[in-house]
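The values are calculated or read from the model by the stated rules, or taken from the named source; none is laboratory data. Predicted model only: the values in this text are computed from it and were never measured. Heads up, the Cβs are rebuilt from the backbone with ideal geometry, glycines too, and the neighbour counts pull from every protein chain shown. When the accessible area is computed, the model is the full protein with side chains, heavy atoms only, and any ligands, DNA or RNA have been set aside. Shrake-Rupley method; radii C 1.70, N 1.55, O 1.52, S 1.80 Å.
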Amino acid sequence: MKVIVNRTYEDVSHSASQYIQTQIKHNPHSVLGLATGSTPLGLYKKLVMDYRAGHTDYSKVSTINLDEYVGLSKTHPQSYHTFMRNNLFSHINIIDQHTHIPNGQAMNLGEECARYNRTLELLGPPDILILGIGENGHIGFNEPGTSFNEKTQVVKLKESTRRANARLFSSIHDVPKEAITMGIESILSSTCILLLATGERKNKAIQQLLEGKIHEEFPASALHLHPNVTLIVDESAYNRDASPRQSFNPAIYE
Ligand code: PGA
């Protein structure tokens, strides 16, 4: 795992945007795996600014998102459909049919998972997959204890995740109890993975990740099994004691 330590959230967003823009220039038909949450917001802002400056064309790009809450409609203010539309898709020239997010309101969730797996197969592995990390080490909504050998699946959200996400809902009671998520096997099928982590509340998870122990109780540790993962982290999420070397903005450890 390569580790890039940037000084601020803004710098992390900038670094990640450079990876995406370079990828699309290299291959206009790129497939991007996308995440939601507070962490990638800055990245999406940078991509929109760059698009408005006329630098990147998304007309041939496809995207596939990691997850969606079960039970929320596509237009629900906290659905990941709404998040992606408001923060990225409606601001760039991506074609709606080229964007893919699980349908949290599918009548048959098992069939929806199978459909999503077929979509992934048809698109091919994401050239770059953006990931955030939960305070409990989840990636996508793969909560602690999830098998590393799952493709798209329906998962029960841990109370800790529901509490962490309650800040975006009126109350914790409104936070869905389940989600559909790309499983860890699907995540690891990506060609390149960018894991973004910012802010002090991610410090513990990053420390645990950098300890390097691989186990299912800490889902992000599966990323050590992948040959091309870059962790881009800001100073407050990075635990300086985890590495013998200290240098910032940017430092690269391999
Ligand atoms: P956050 O969520 O970006 O809102 O911190 C990340 C995650 O839970 O995966």
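Summary table
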{"quantity": "The stretch 17-33 - phi-based ³J(HN,Hα) in whole Hz, Karplus 6.51/-1.76/1.60, Gly and Pro as x", "calculated": "5, 5, 4, 5, 5, 5, 4, 5, 5, 5, 9, x, 8, 4, 10, 10, x"}
{"quantity": "Backbone HN-Hα couplings from phi across the stretch 123-140 [Karplus 6.51/-1.76/1.60, Hz, Gly and Pro as x]", "calculated": "6, x, x, x, 5, 9, 10, 8, 10, x, 9, x, 4, 9, x, 6, 10, x"}
{"quantity": "Whether the chain is rounded, prolate or oblate, judged on the alpha carbon gyration tensor where a/c under 1.5 counts as rounded", "calculated": "rounded"}
{"quantity": "Estimated vicinal HN-Hα couplings, Hz - the stretch 164-171 in sequence order (Karplus 6.51, -1.76, 1.60; Gly, Pro = x)", "calculated": "5, 8, 4, 4, 9, 10, 5, 7"}
{"quantity": "Average accessible surface area per residue within the chain, 1.4 Å rolling probe, Å²", "calculated": "45 Å²"}
{"quantity": "Restraint check, K74/K156; K25/K60; K45/K202, Cα-Cα greater than 18 Å", "calculated": "K74/K156; K45/K202"}
{"quantity": "Carbon/sulfur fraction of accessible area - the chain, other protein chains in place, 1.4 Å, %", "calculated": "49 percent"}
{"quantity": "Ordering of 196-208, 144-156, 31-43 by burial proxy (mean other Cβ atoms within 10 Å per residue, highest first)", "calculated": "31-43, 196-208, 144-156"}
{"quantity": "Extension gain (nm, one decimal) between A114 and Q97, 0.36 nm per residue minus Cα-Cα", "calculated": "4.3 nm"}
{"quantity": "Built amide H within the under 5 Å cut-off of Y58, gap 5+", "calculated": "N93"}
{"quantity": "Amide H partners (placed H, <5 Å) of H100, local residues excluded", "calculated": "T63, I64, N65"}
